[in-house]
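The values are calculated or read from the model by the stated rules, or taken from the named source; none is laboratory data. Just so it is clear, the model here is predicted, and its values are computed rather than measured. Neighbour counts are summed over all protein chains in view; Cβ atoms, including those assigned to glycine, are modelled from backbone coordinates with ideal geometry.
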Amino acid sequence: MSTTIVTTGKRPGTLTAMLAAVAVGAIAAIISAIHTYGSGKELAREIFAKELGQEADGLAKSLMGSLYETQVASAYETLSARAGFGLFFAIGLILFGLLARNAATWARVLITLFAVFGALAQVMTLGDPGSPSLLSGLSAVSMAAWLAAAVLCWLPGNNRFAKAHKAMR
């Protein structure tokens, strides 16, 4: 009876790159959420001013009064919901990224699902023409990083590492 010893060796670069992509996307989404929540309704007012033009914005405030404030509140609710989605996916991806350090298949499946759905959630901000350029840029970074992480999850080096690590247990 012979005993075969399998060593996992060094963590593959593709796994490190996947974890880095998860982190970059999560950081961008968290910064976007902090900006959205920190700016409050002022951010929604800036978006209205940008869309209406400064003069029309002043006229809208004076003519519509409470209706204008209702629209601002509605716009802020939309922005905060988008930020909430981003935070949800960012926290989930950070958690699953930490759990995927040994390239466990179940963690990579969850990273893939969260990355794809998180990227789709970021499309809402990118598709909004009134969205500030900072939020659009951070959404683009999150989306690109998370899609890259979803691809990097399934490269052959990660699969080999996961099999070798599983065989050691």
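Could you check segment 8-49 and list, in sequence order, the residues that are small (Gly, Ala, Ser), under 26 Å from Arg108 (Cβ atoms) and without any contact (Cβ under 8 Å) to a residue 60 or more places away in the chain?
Those that are small (Gly, Ala, Ser), under 26 Å from Arg108 (Cβ atoms) and without any contact (Cβ under 8 Å) to a residue 60 or more places away in the chain: Ala20, Ala33.
Within segment 109-131, can one find any residue that is out of contact with any strand residue (DSSP E or B) (no Cβ under 7 Å at 6 or more places or on another chain), under 20 Å from Ala28 (Cα atoms) and charged (D, E, K, R)?
Yes: segment 109-131 contains one or more residues that are out of contact with any strand residue (DSSP E or B) (no Cβ under 7 Å at 6 or more places or on another chain), under 20 Å from Ala28 (Cα atoms) and charged (D, E, K, R).
For segment 97-127, how many residues meet the condition of being under 14 Å from Leu152 (Cβ atoms), within 14 Å of the chain's Cα centre (by Cα) and in contact (Cβ under 8 Å) with a residue 60 or more places away in the chain?
Qualifying residue count for the region: 3.
Every residue, every condition in (1) in contact with a Gly (Cβ under 6 Å, 6 or more places away or on another chain); (2) closer than 13 Å to Leu19 by Cα; (3) modelled with pLDDT of 85 or more, yes or no:
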position	(1), (2), (3)
Gly65	no, no, no
Leu95	no, yes, yes
Ala107	no, yes, yes
Ser131	no, no, no
Ala145	yes, yes, yes
Ala149	no, yes, yes
